[in-house]
Amino acid sequence: MNDTLKQKLTEILKDRISFSEGTRTNYARGEDTYEPVLSKAVVFPETNEEVSKILKLCNEHKVPVVPFGTGTSLEGHVVGNENGITISLEKMNKVLSVNASDFDCRVQANVTRKQLNEYLREDGVFFPIDPGADAALGGMSATSASGTMAVKYGTMRTVVSGLTVVLPTGDIVKLGTRTKKSSAGYNLTNLFIGSEGTLGIITEVHLRLSPIPESIMSAVCHFPDLESAVLTAQEVIQYGIPIARIEMLNKDQMEISIKYSKLENAEPMPTLFFEFHGSESTNKESINIVEELSKNNGGSDLKWAETLEERNKLWKARHEVYDSVKAQGVNTKVYTTDICVPISNLVECIKFSEKEIQQHGLKAPMVGHVGDGNFHVTILYDPLKEGEYKIIRDFSDKLVDKALELEGTITGEHGIGLQKKKYLLKEHPDNLPVMKSIKKSIDPNNIMNPGKVFDLN
């Protein structure tokens with residue numbers, strides 16, 4: 001960073017720019033396996049206009065920019081750039097408007113899902129997309145996130161109706177509309193969802209909300225093996241049973257979660273977590289069918305979370321999976337990956353994953369949003385142990401190849417970042433040149449999160 005740029009940024013931001021090593025270290029990476037990379041500075045804008053001025057200056061000086069939200073990325077999206085700056089959006093954390101009667105709202109990028117739902121508590125509506133982390137909604141849009149309730153409520157692509165994006169030129173563009181539908185031109189909103197900060201910075205998100213259900217019921221069911229659990233989830237979806245979420249935890253993960261999250265009345269066995277949203281009568285009807293399907297596949301009686309407290313504890317345990325695995329080792333790192341396949345191919349893919357885990361000698365807790373064919377494998381490893389990381393990457397390579405063989409995708413919700421760049425070429429060899437062309441058109445100086453998703457060289 002040259003002195004001229006440094007001076008101009010300081011004039012705009014005053015004391016909201018930091019060159020200290022401590023601050024730069026704090027914004028140097030996410031929750032991933034990468035070593036921290038310190039940017040030259042970290043800036044903290046408060047408005048769209050400030051983001052615009054910053055990007056315009058950086059573009060003029062050809063200085064790279066890394067957007068940073070809550071830092072929950074698992075694939076290296078927010079690793080810093082040693083020649084650039086990191087733009088933290090943490091001060092852009094206001095709920096701007098709520099239209100409960102129309103089931104929509106507008107928020108700044110660093111509002112988190114928990115913060116939003118707390119704000120909406122009295123309005124009879126809620127925001128349903130729930131990745132395990134309390135991630136920022138701008139980051140969730142940028143990575144096309146989803147979570148446990150995707151089977152009923154969809155993903156960020158489903159619920160984002162519009163965005164405010166600042167382009168590398170500094171132009172502020174408003175995309176989308178509040179209406180349920182529109183046929184007005186290109187869908188530029190979807191272009192930026194999943195772009196991972198490589199095309200511009202998302203500063204505001206317009207979201208569709210859902211009514212709070214009349215009745216919510218949660219339960220767990222244990223199975224003798226993982227295949228039986230996954231088959232049950234597959235049948236629930238194929239029978240068209242209205243269910244909010246079906247989550248799978250394998251035996252290894254249940255052992256960890258029982259201890260870490262202090263789950264009571266739970267067994268260290270392959271397990272499905274169910275949740276039903278609807279009226280009391282429709283929920284009971286759905287439950288009866290699910291219980292029958294489960295028992296036909298060797299499942300236990302459903303164990304109910306009878307109270308709100310019990311239900312919250314159950315799903316808190318599911319959301320704590322990543323932290324629970326991290327807590328198992330000292331001075332170790334966590335490698336996690338996700339893939340997604342058509343629901344009819346899920347059993348085959350999970351059986352393959354189990355076999356490869358055994359052959360590679362890994363202890364790999366496994367969880368899945370099995371209602372939409374998506375599952376995650378989380379592996380602890382010692383970075384100082386020679387050859388261990390290579391074994392894990394070999395497993396990951398084989399899992400990705402299997403997912404593609406089964407007409408799936410290399411990532412259901414984690415995104416590409418740094419970690420999955422080589423896999424993107426496998427999945428989209430024909431599409432990648434088009435992606436690069438779009439990138440070059442919008443960001444010809446390649447300042448926006450360069451090196452993430454793909455390399456331009």
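Rule-based calculations on the coordinates, nothing more; no lab input. Note that the structure is predicted; figures quoted are calculated from it, not measured. Using ideal geometry, Cβ is built from the backbone for each residue, glycine included, and neighbour counts are taken over all protein chains shown.
In this simple spin-label approximation, Val95 and Thr25 carry label points 7 Å from Cα along the Cα→Cβ vector, and these lie 3.7 nm apart.
Which value in deg cm²/dmol, rounded to the nearest 500, describes the helix-derived mean residue ellipticity at 222 nm for the chain, given -39,500 (n - 2.57) per DSSP H run of n ≥ 4 and division by the residue count? Only helices count here, giving -10500 deg cm²/dmol. Please give the FRET efficiency for Asn187 paired with Tyr119, using the beta carbon to beta carbon distance and R0 = 22 Å, rounded to the nearest 0.05. Between Asn187 and Tyr119 the formula returns 0.20. Note on Lys439: lysines with a C-alpha under 16 Å away, same-chain residues under 8 apart excluded, are Lys62, Lys421, Lys452.
Can you sort Met448, Met217, Met140, Met1 so the residue with the fewest Cβ neighbours within 10 Å comes first? Before the final figure, lay out the partial values.
Working: Met448 26, Met217 21, Met140 31, Met1 16.
In increasing order of surrounding Cβ atoms, one gets Met1, Met217, Met448, Met140.
The fewest-to-most ranking of Lys56, Lys420 by surrounding Cβ atoms within 10 Å reads Lys56, Lys420. In this rough spin-label picture, where each label sits 7 Å from Cα along the Cβ direction, the Ser281-Asn312 distance is 3.1 nm. Sparsely packed loop sites in region 216-286 (the GluC sites (Glu not before Pro) outside DSSP H, G, I, E and B with at most 13 other Cβ atoms within 10 Å) comprise Glu264. Taking every alpha-carbon pair under 8 Å whose residues sit at least 6 apart, region 363-457 reaches a relative contact order of 18 percent.
Sort His77, His222 so that the residue with the fewest other Cβ atoms within 10 Å of its own Cβ comes first and the one with the most comes last. Present the calculation step by step, with values, prior to reporting the outcome.
On the way: His77 30, His222 22.
Placing the least packed residue first, the sequence is His222, His77.
Taking a straight line from the alpha carbon of Lys14, these lysines sit under 16 Å away, with near neighbours fewer than eight places off in the same chain left out: Lys6, Lys53, Lys91.
Couplings for region 4-20, taken from phi via the Karplus curve 6.51 cos²θ - 1.76 cosθ + 1.60 with θ = phi - 60°, read 4, 5, 4, 5, 5, 5, 5, 4, 6, 9, 6, 8, 9, 9, 10, 10, 6 Hz in order; Gly and Pro are left as x. Listed by chain and number, the aspartates and glutamates placed with their C-alpha closer than 14 angstrom to that of Lys94 are Glu46, Glu118, Glu204; residues fewer than eight positions away on the same chain are left out.
Decide, for the chain, between rounded, prolate and oblate: order the square roots of the alpha carbon gyration tensor eigenvalues as a ≥ b ≥ c, take rounded if a/c falls under 1.5, and otherwise choose prolate if a/b is larger than b/c, else oblate. It comes out prolate by the Cα gyration axes. For region 81-186, trypsin sites (Lys or Arg not before Pro) are listed when DSSP marks them as loop and at most 13 other Cβ atoms sit within 10 Å of their Cβ; the list is Lys180, Lys181.
Apply the a/c threshold of 1.5 to the C-alpha gyration tensor of region 215-322 and tell me whether it is rounded, prolate or oblate. It is oblate, given that a/c is not under 1.5 and a/b is not larger than b/c. For the residue pairs Lys8/Lys114; Lys363/Lys436; Lys114/Lys259; Lys259/Lys355; Lys326/Lys440, alpha carbon separations beyond 29 Å are given by Lys8/Lys114; Lys363/Lys436; Lys326/Lys440.
Summing Lys, Arg as +1 and Asp, Glu as -1, what charge do residues with Cβ under 12 Å from the Cβ of Thr86 carry, Thr86 excluded?
Once positives and negatives cancel, what remains is +1.
Assuming R0 = 45 Å, can you tell me the calculated FRET efficiency for the pair Asp171 and Asp225, based on Cβ-Cβ distance, to the nearest 0.05? Efficiency at R0 = 45 Å is approximately 0.25. Working from Cα pairs under 8 Å separated by at least six residues, relative contact order for region 95-211 is 33 percent.
Placing dummy labels 7 Å off each Cα toward the beta-carbon, the span from Ile12 to Ser215 is 5.5 nm. Averaging Cα coordinates gives a centre for region 260-332 and one for region 14-74; these two points are 39 Å apart. For the chain, the relative contact order is 15 percent, taking Cα pairs closer than 8 Å that sit 6 or more residues apart in sequence and dividing their mean separation by the residue count.
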